[in-house]
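Structure first, commentary second.
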Amino acid sequence: MTKQSLQPVERGQVADKRSVPQKAMDKLGLVRDIDLALHLPLRYEDETRLTLLRDARDGQTVQIEGVVLQNRIEMRGRRQMIVKLDDGTGEVLLRFLNFYGSQQKSWAPGVRLRVRGDLRHGFFGREMVHPTVKIVQEDTPLASSLTPIYPTSAGLPQAYLRKAVAAGLSRAPLDEVIPPQLIPGRWPSLRESLHFLHHPSPEVSVIALEDHSHPAWQRLKFEELLAQQLSQLQARMARAALKAPVLPTRDGGLHEQLLGVLPFALTGAQQRVCTEIAQDLAKPQPMHRLLQGDVGSGKTVVAAIAATVAIDAGWQCALMAPTEILAEQHFRKLVSWLEPLGVKVAWLTGSLKAKAKREQLALVASGEAQLVVGTHAVIQDQVEFAKLGLALIDEQHRFGVAQRLQLRRKLESTELEPHLLMMSATPIPRTLAMTYLADLEVSTIDELPPGRTPIVTKVFADNRRPEVIERIRDEVAKGSQVYWVCPLIDETEESDQAADEKAGRASNKRPPLDLSNVTQTHQELSEALQGFGVGLLHGRLPASEKADVMARFSSGELSVLVATTVIEVGVDVPNASLMVIEHAERFGLSQLHQLRGRVGRGAVASVCVLLYASPLSDTGKSRLKAMAETNDGFEIARRDLEIRGPGEFMGSRQSGAALLRFADLSEDQGMVARARAAAEQMLHHHPYAAERHVARWLGKKSEYLKA
Ligand code: ADP
Ligand code: MG
């Protein structure tokens, strides 16, 4: 046989070698022994004792043992196997709707079975439906510890996983790595904690186990948080060792010319963050800074000023935005501000035609374009910068982990690392920031530009829709502009892969869209508001059409824009003063806040109307109430954290958030601070142990935490 004909066969065999459960384990990240040892039970089942049928109550989950009296296949509506079991104190029927013929044979009369399940009162007497069954002898011992139930996934049976975990636990090296003086509690060792949590003795309070308050849990939470803090401090130190171009702010430089042409003066908060950024840019280490500020606080102009500093120093700057609409808007704004000052701006998105794209790429590669604006197309492989000095990422939480890693790799390919400024309108509560953003500097714009009148938010049931449309007519007659937002579940734009990654969806398998809501509303409003321009905008329109509609709304030609959440981030039309959000109950709190931030950008008083369909769920009610009560992004973020937990906040750090399996940020805040302190000590005084601890806990995943 020739080599060529052999190869595919070999490859096929290699691919087939891993069984379905093994592949499922890989997916769960259960690769190394230590990964298995750290895969802790969700809950436990008590198989250490038997209950006598005489003592068991209906509704209880019990383990009983008895002898089969009868085993029959019956038709009771559906074909089923019915096993009658007697434990000497009573009888119970075991009912199986799915079963194998072999089971009927082996669970024959006279055989002793140990079964566990929910006891209930059925039509023919006491019964258990689909209990777990084990054939036993009279002297088969009971379990000596609680039975762990592990988090698992499709194709990975509990029993298989249980065996794998037990094997991993026995093989994993579990020596103490953390120096004892750095452990801030009287907790068992790692080995003791793990052995205990996998196989707790039956006397222990199941509640203390399941609510994670047991000292063994405390130990693990600390270990986990320590690993996370260490990896972030390491990232910070690694960055400090890198070289970046020094971008000093020059008196009389481009940034001053920009300030001269702006139609407004910077707020105090904007000036402060500009200074923080300028100080970083002037250093020979790469900046890694998050700029957070509520919707409408004016982050774009701060980014523009940072860009002028880089350009003035002779370097290129890239600005990346998560959607084409937002990127386009930044492009227009930056061109209008900077081209008069002699700055050449290039434009890169996925929808560019081949020829235009080649031209733009050439501008970037030659260095002729000093600023490049676009979607994630900016970081794709063909893009080569002549001299990238500063990368700006707008709405960074909308980008996925993969995109963040791609950017870092792009940046790492040059000898000098560019500086990095990330912007986000989602304020991050302090504990979260400490946990997930420990490797970043944070600047906060905590003040809105002057002259804004607070947005008034009204919550109406959707039967008041006609009244709302009347109100729109009055507004547009006065020359105001109006957004009408419709929900569209599963909308994904070309550059919205981030959302797909977040949801664990493959982006090539996008579900078909139901556009009926937004197109119907567009039609309804067009008819009701004859004589006024009513535009339609959603993610599935061709890029050129999106840009065109947006431009016509910006210029005032369109009075009303019926849109999906494509306008959620960044869109800035100050003349818009009324926003209607229909089916507001379907949106998350942060999303509503982001959407609402599209109005209230000018001097006129703005109104946001939240229409909801009854009946409203409790969380729906509390969300809409929060919206009506406050305009403060930090307060909204706090309430959102209460309602939804930390995952939603971190956006691109989702995977990082998912990595915190044990610690709970709302309960373990004190632990975060202690882990932080211990991490600093350990990194300075026990660097080798620190390496080992991170490798043990994070393995390959540590790359994601740093993304
Ligand atoms: P965001 O922080 O949400 O990105 P933008 O940068 O889009 O906010 O700014 C919102 C609006 O406020 C824009 O129209 C912008 O031109 C304007 N703006 C920004 N800074 C100021 C300021 N200091 N004074 C007045 N208006 C400002
Ligand atoms: Mg913005």
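The values are calculated or read from the model by the stated rules, or taken from the named source; none is laboratory data. Computed from a predicted structure; not experimentally measured. All Cβ positions, even for glycine, are placed from backbone atoms using ideal geometry, and neighbour counts span all protein chains on display. When the accessible area is computed, the model is the full protein with side chains, heavy atoms only, and any ligands, DNA or RNA have been set aside. Shrake-Rupley method; radii C 1.70, N 1.55, O 1.52, S 1.80 Å.
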Could you state how much accessible area E176 has, in square angstrom rounded to the nearest 10, with a 1.4 Å probe and all protein chains kept in place? 80
In order through the stretch 538-553: 3J(HN,Hα) via Karplus (6.51 cos²θ - 1.76 cosθ + 1.60), integer Hz, x for Gly, Pro: 8, x, 8, 6, x, 3, 5, 5, 4, 4, 5, 4, 4, 5, 5, 6
Cα radius of gyration and Dmax for the stretch 109-154 (Å): 14.0, 36
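Can you compute the charge dipole magnitude of the stretch 97-138 about its Cα centre, using +1 on each Lys and Arg Cβ and -1 on each Asp and Glu Cβ, nothing else charged? Give it in debye, rounded to the nearest 20. Don't jump to the answer; show the numbers that get you there.
Values: 7 positive and 3 negative charges, 17 e Å.
I would put it at about 80 debye.
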Other-chain or far-sequence residues with amide H under 5 Å of V459's (modelled H): L610
Angle in degrees between helix 324-338 and the longest Cα principal axis of the chain, rounded to the nearest 10: 30
Additional length obtainable on full extension of the chain from V456 to S144, 0.36 nm per residue less Cα span: 106.0 nm
Under the rule of at least 5 residues apart or a separate chain, name every residue whose amide H is placed under 5 Å from the amide H of M422. R289, L290, L291, I393
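Using a cut-off of 14 Å between beta-carbons, work out the net charge of the residues near P148 (Lys and Arg +1, Asp and Glu -1, P148 not included). Don't skip to the answer; put the middle values down first.
Values: positive: R43, R162, K163; negative: E45, D46, E47, E210.
Summing Lys and Arg as +1 and Asp and Glu as -1 gives -1.
Kirkwood hydrodynamic radius for the stretch 164-219: how many Å is it when counted over pairs of different Cα atoms?
12.3
Please work out whether the stretch 255-304 counts as rounded, prolate or oblate from its C-alpha gyration tensor, where a ≥ b ≥ c are the square roots of the eigenvalues and a/c under 1.5 means rounded, while otherwise a/b larger than b/c means prolate and anything else oblate?
Numbers: a/c = 2.36, a/b = 1.35, b/c = 1.74.
Cα axes put the stretch 255-304 in the oblate bin.
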Beta bridges per DSSP with both ends in the chain, % antiparallel, nearest 5: 40
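Would you kindly state how much longer the chain becomes between D381 and L341 on full extension, computed as 0.36 nm times their sequence separation minus their alpha carbon distance, in nm to one decimal? Each step should come with its number before you reach the end.
Numbers: separation 40, 0.36 × 40 = 14.40 nm, distance 3.03 nm.
Taking 0.36 nm per residue and subtracting the Cα distance, the gain is 11.4 nm.
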Dipole-positive endmost among F124, A241, S336 within the chain (Cβ charges, Cα centre): F124
Unit charges at the beta carbon, dipole of the stretch 527-615: most positive-side option, A551, L592, Y612: L592
Using the Karplus equation 6.51 cos²θ - 1.76 cosθ + 1.60 (θ = phi - 60°), what ³J(HN,Hα) coupling, rounded to whole Hz, does each residue of the stretch 301-316 give in order, writing x for Gly and Pro? 5, 5, 4, 5, 5, 4, 4, 4, 5, 5, 5, 4, 7, x, 10, 8
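Determine the calculated [θ] at 222 nm for the chain from helices alone, applying -39500 (n - 2.57) to every DSSP H run no shorter than 4 residues and normalising by the residue count; nearest 500 deg cm²/dmol. Present the calculation step by step, with values, prior to reporting the outcome.
Numbers: 27 runs with 292 residues, N = 707.
Helix-only estimate at 222 nm: -12500 deg cm²/dmol.
Counting only protein heavy atoms and a 1.4 Å probe, tell me what percentage of the chain's accessible area is made up of carbon and sulfur.
Values: 16690 of 31840 Å².
After summing per-atom areas, the C and S share lands at 52 percent.
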Could you work out the pair-distance distribution P(r) of the stretch 512-635 from its alpha-carbon pairs, with 5 angstrom bin width and percents rounded to whole numbers? 2, 10, 19, 23, 21, 15, 8, 3, 0
Using only Cα atoms and rounding to the nearest 10 degrees, what angle (0 to 90) does helix 465-477 make with the longest principal axis of the chain? 20
Expressed in whole Å with the largest first, what are the equivalent ellipsoid semi-axes of the stretch 257-375 derived from the C-alpha gyration tensor as the square root of 5 times each eigenvalue? 24, 16, 14
What accessible area per residue comes out for the stretch 327-379, rounded to a whole number of Å², with a 1.4 Å probe? 41
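Can you bin the stretch 54-128 into rounded, prolate or oblate? Criterion: square roots of the alpha carbon gyration tensor eigenvalues sorted a ≥ b ≥ c, rounded for a/c under 1.5, prolate for a/b above b/c, oblate for the rest. Walk me through the numbers on the way to the answer.
Values: a/c = 1.88, a/b = 1.26, b/c = 1.49.
Verdict is oblate for the stretch 54-128.
Kirkwood Rh over alpha-carbon pairs of the stretch 596-647, then Stokes-Einstein at 37 °C and 0.692 mPa s: what D in µm² s⁻¹, rounded to an integer? Write out the running numbers ahead of the final one.
Numbers: Rh = 12.6 Å.
For the chosen part, D equals 261 µm²/s.
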As I understand it, the dipole of the chain uses +1 on the Cβ of Lys and Arg and -1 on the Cβ of Asp and Glu, about the Cα centre. Which of L225, L326, T630 lies farthest toward its positive end? L225
Which stretch or stretches of the stretch 164-185 have amide N atoms under 13 Å from the point lying 7 Å from A677's Cα along the Cα→Cβ direction? 182-185
Would you mind checking the tilt of helix 3-17 against the longest principal axis of the Cα atoms of the chain, expressed as 0 to 90 degrees and rounded to 10? 70
List the residues whose amide H sits under 5 Å from the amide H of L529, counting only those 5 or more places along or on another chain, with H placed 1.01 Å from N in the peptide plane. none
Heads up, I need the accessible area for Y160: 1.4 angstrom probe, whole protein in place, Å², nearest 10. 80
Structure shown: which of K299/K625; K221/K621; K299/K355; K105/K134; K546/K621 lie over 24 Å apart, alpha-carbon to alpha-carbon? K299/K625; K221/K621; K299/K355; K546/K621
Here the stretch 46-204 gives, from Cα atoms, an Rg and Dmax in Å of 20.1, 67
Dimensions (Å) - the chain, Cα atoms, principal axes, largest first: 93, 67, 66
Could you tell me the accessible area of F460 in Å² (1.4 Å probe, neighbours in place), rounded to the nearest ten? 40
Apply the Karplus curve 6.51 cos²θ - 1.76 cosθ + 1.60, θ = phi - 60°, to the phi angles in the stretch 572-578 and return the couplings in whole Hz, x for Gly and Pro. 9, 10, x, 6, 6, 10, 9
